[in-house]
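The values are calculated or read from the model by the stated rules, or taken from the named source; none is laboratory data. All values derive from a computational prediction rather than experimental measurement. For neighbour counting, all protein chains shown are included, and Cβ atoms are generated from backbone atoms with ideal geometry for every residue, glycine included. For the accessible areas, the whole protein counts, side chains as well, though only heavy atoms, and no ligand, DNA or RNA atoms are used. Shrake-Rupley method; radii C 1.70, N 1.55, O 1.52, S 1.80 Å.
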Amino acid sequence: MPSRFCGQNEIDHFTCEVLAVMKLVCSDTSKNQVFMFASASFTLLAPFFFIVFSYMRIIITILQIRSVDGRSKAFSTCGSHLTVVTLFYGTAIFMYLRPQSKSSQVQDKFISVFYGVLTPMLNPLIYTLRNQEVKGALRRMAEKKGKL
């Protein structure tokens, strides 16, 4: 994006986020914003809707499971994945597909922490806590601390 920068060329952000760089540009950025909106629509909305559609089909299949225990286990597995997907895509979609006139630096930083740090950090935690052995070890550790 060939652009002319003016003023203090210091990005007020945690990373070199493209939206933060765009705020430093003095020239007209309307074409760049349209391109970013179009590319974000394609790279964020298409996979998100595909995942949601897939999960709707999975839920329909789960509802056909006769055993309550089997349904519960399947919903539990899907629920944790859907939580991570929603956190990541929800914050990224909010960040890149909202009107840029409605954004603020503080809000942008907060949102980028969600999809750039929090979601990747939660991902292993959520999937690890699904493991029965890990849950058992955590319970035993908590019981030992309670006895001290």
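Add -39500 (n - 2.57) for each DSSP H run of 4 or more in the chain, then divide by its residues: what number comes out at 222 nm, to the nearest 500 deg cm²/dmol? Rounded to the nearest 500, the figure is -21500 deg cm²/dmol. Split the accessible area of the range 11-51 by element, probe 1.4 Å, and carbon with sulfur accounts for 73%.
Note on Arg57 and Ile93: their simple-model spin labels are 1.9 nm apart, each label 7 Å out from Cα toward Cβ. Summed over the residues of the chain and divided among them, the accessible surface reaches 70 Å² per residue at a probe radius of 1.4 Å.
Taking the chain as a whole, the Cys residues whose C-beta sits 4.7 Å or farther from every other Cys C-beta are Cys16, Cys78. Shape verdict for the range 33-101, please, from the Cα gyration tensor: rounded (a/c under 1.5), prolate (a/b greater than b/c) or oblate. It is prolate, given that a/c is not under 1.5 and a/b is the larger ratio.
Taking a ≥ b ≥ c as the square roots of the Cα gyration tensor eigenvalues, with a/c under 1.5 meaning rounded and otherwise prolate when a/b beats b/c, else oblate, which class fits the chain?
Values: a/c = 4.66, a/b = 1.76, b/c = 2.65.
Because a/c hits 1.5 or more and a/b fails to exceed b/c, the chain counts as oblate.
The string of couplings for the range 70-75 from the Karplus curve (6.51, -1.76, 1.60, θ = phi - 60°) is x, 5, 4, 5, 5, 5 Hz, one whole number per residue in order, with x for Gly and Pro.
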